[in-house]
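Every number in this text was worked out from the coordinates using simple rules, so none of it is lab data. Bear in mind the structure is a predicted one, so any value in this text is a computation, not a measurement.
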Amino acid sequence: MRAIVILRRADDGHVDGEIKVDGDDATRAFSGWIELLDLLDRAANPPTIDRPSPD
């Protein structure tokens, strides 16, 4: 997985920005370190789709 992260830090120390992950057309905004880590975790571990087994 490869991600491009753009960080901005406000004068009060608050961090926000955008993240774009390879294979995803959307750029997602985040506000704060926890939200960034959550987006990275979801990108690294995408949900699986339950498919019926071919019996």
Per GNM of the chain with C-alpha springs under 10 angstrom, the most fluctuating residue out of Asp22, Asp12, Asp41 is Asp12
In degrees rounded to 10, the 0-90 angle between helix 33-44 Cα long axis and the longest Cα principal axis of the chain is 30
In whole angstrom, largest first, the equivalent ellipsoid semi-axes that the Cα gyration tensor gives for the chain are 31, 11, 7
